[in-house]
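To start, the structure under review is shown below, and the notes come after it.
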Amino acid sequence: MAYDAAMPTSTPGMLAAPLAGIDDAELPGVPADLPPVVDAHVHLFPDRVFDALWRWFRAHAWPIRYPLYSAGVVDFLLSRGVDHLVALHYAHKPGMARTLNRYMAETTAENPRVTGLATVLPGEPDAADILREGFALGLAGVKLHCHVQCFAPDAPDLDAVWRTCADHDKPVVIHAGREPKSPAYACDPHALCAADAIERVLQRYPTLRLCVPHLGADEFAAYVSMMHRYDTLWLDTTMVVGELLPGDVPWDDALARPERLMYGSDFPNIPYAWSRELERLAARLPDPAARAAVLGGTARAFFGITQSS
């Protein structure tokens, strides 16, 4: 079941105190020698929701280097040469999802180079109907966040979500890694999240396509191993190459499956340069085919993106 919003946390985790920002240099644009880039992990919210999120980040996580609202986010990244964006959001309380999904559909309809996902709060009434309505609006998948929404991936409350997405062949991006954990969350991510829980979902719903962002931080090895064993699991590299999230990444094993990895930035909710991770990830990908897959091709296939600049 979804966890009570008042459930206390236990150990403090990575974000026991806010982290400092990183004053690194940013590139003026995507380097000309890179293939078309799809940023598979960008956040778009209504202004008031962004304002609330940024207050939380500044108090409990890290400073926001780019406090841009949705239109500014899209313009910033596309004007710097990113070819396509995948826009994510999430509802943190019942009754929000329909409004957020309409906002996302309206926002992405204005720009064909932005693909938007739906959201739903696991366990809320009419979860399946909320998702079907979102898909009918043109949203291409679903975003869930175990830390914010306080649920375990294999909880019974998720069955309606998993079944609906599998039935409609819509992919799910689920923040199911244990980090970054903060005592400011209403639940304990280390008690909710585990690679084993995602594996149980993959076994229970063999046609459901899942992407776990941040390479499953901090259980990197477990998620990379699962990616090799399950044809329905993808990972994104968001905030891992930038050396912010803790743990040792088995990069050789991860990069051996470029068709199952995708680049994402977490823009605009980052404390360093927008290009930091793009540069570092490209440097790890000397093979042109692997580079093209991780920086764009994998995301295009996963989300069904056909539009290109």
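Odds and ends about this structure:
- Within the range 69-89, the set of residues being among the hydrophobic types (A, V, I, L, M, F, W, C) and either closer than 16 Å to Gly138 by Cβ or not in a loop (DSSP other than H, G, I, E, B) (or both) comprises Ala71, Val73, Val74, Phe76, Leu77, Leu78, Leu85, Val86, Ala87, Leu88.
- Test for Gly138: is it of a type outside the set (D, E, K, R), closer than 28 Å to Gly72 by Cβ and in contact with a strand residue (DSSP E or B) (Cβ under 6 Å, 6 or more places away or on another chain): no
- Among residues of the range 278-305, those that are crowded, with 17+ Cβ neighbours inside 10 Å, of a type in the set (A, V, I, L, M) and within 15 Å of Val241 (Cβ to Cβ), counted: 7
- Test: residue in the range 46-60 that is part of a loop (DSSP other than H, G, I, E, B) and at pLDDT 95 or above: yes
- A Cβ distance below 8 Å, combined with a sequence gap of six or more or placement on separate chains, defines the contacts here; from the range 113-132, residues that are over 21 Å from Leu85 (Cβ atoms) reach residues that are among the hydroxyl-bearing types (Ser, Thr, Tyr) and modelled with pLDDT of 95 or more in the pairs Ala127/Thr164; Ala128/Thr164; Leu131/Thr164; Arg132/Thr164.
- Counting the residues of the range 176-210 that are without any contact (Cβ under 8 Å) to a residue 24 or more places away in the chain and within 26 Å of Leu53 (Cα to Cα) gives 0.
- Residues considered: Ala152, Ala186. Of these, the only one that is closer than 20 Å to Ala59 by Cα and not hydroxyl-bearing (Ser, Thr, Tyr) is Ala186.
- Of the residues making up the range 180-189, just one is surrounded by fewer than 23 Cβ atoms within 10 Å (Cβ to Cβ) and charged (D, E, K, R), namely Asp188.
- Of all residues in the range 131-181, those that are of a type in the set (Phe, Trp, Tyr) and either assigned to a helix (DSSP H, G or I) or more than 26 Å from Met239 (Cα to Cα) (or both) total 2.
- Residue selected from the range 65-115 under the condition touching an Asp or Glu at 6+ places or on another chain (Cβ under 7 Å) and surrounded by fewer than 17 Cβ atoms within 10 Å (Cβ to Cβ), by the criterion nearest to Pro171 (Cα to Cα): Pro94
- When residues in the range 90-101 are screened for being among the basic types (Lys, Arg) and in a loop (DSSP other than H, G, I, E, B), 1 of them pass.
- Which numbered condition Ala191 fails, given (1) assigned to a helix (DSSP H, G or I); (2) under 28 Å from Val241 (Cα atoms); (3) in contact with a His (Cβ under 6 Å, 6 or more places away or on another chain): (3)
- Failed item, numbered, when Pro213 is tested on (1) out of contact with any helix residue (DSSP H, G or I) (no Cβ under 9 Å at 6 or more places or on another chain); (2) buried (at least 24 other Cβ atoms within 10 Å of the Cβ); (3) more than 28 Å from Tyr66 (Cα to Cα): (3)
- Within the set Val161, Val173, the sole residue that is touching a residue at least 60 places away in the same chain (Cβ under 8 Å), under 14 Å from Leu131 (Cβ atoms) and buried (at least 19 other Cβ atoms within 10 Å of the Cβ) turns out to be Val173.
- For Gly304: the one exception among (1) on the phi > 0 side of the Ramachandran plot; (2) free of Cβ contacts under 8 Å to residues at least 12 places away in the same chain: (2)
- Selection status of Ala289, over 20 Å from the mean Cα position of the chain (by Cα) and either on the phi > 0 side of the Ramachandran plot or part of a helix (DSSP H, G or I) (or both): yes
The values are calculated or read from the model by the stated rules, or taken from the named source; none is laboratory data. The model shown is predicted, which means the values in this text are computed figures rather than measured ones. Every residue, glycine as well, gets a Cβ built from its backbone with ideal geometry; the counts of neighbours run over all protein chains shown.
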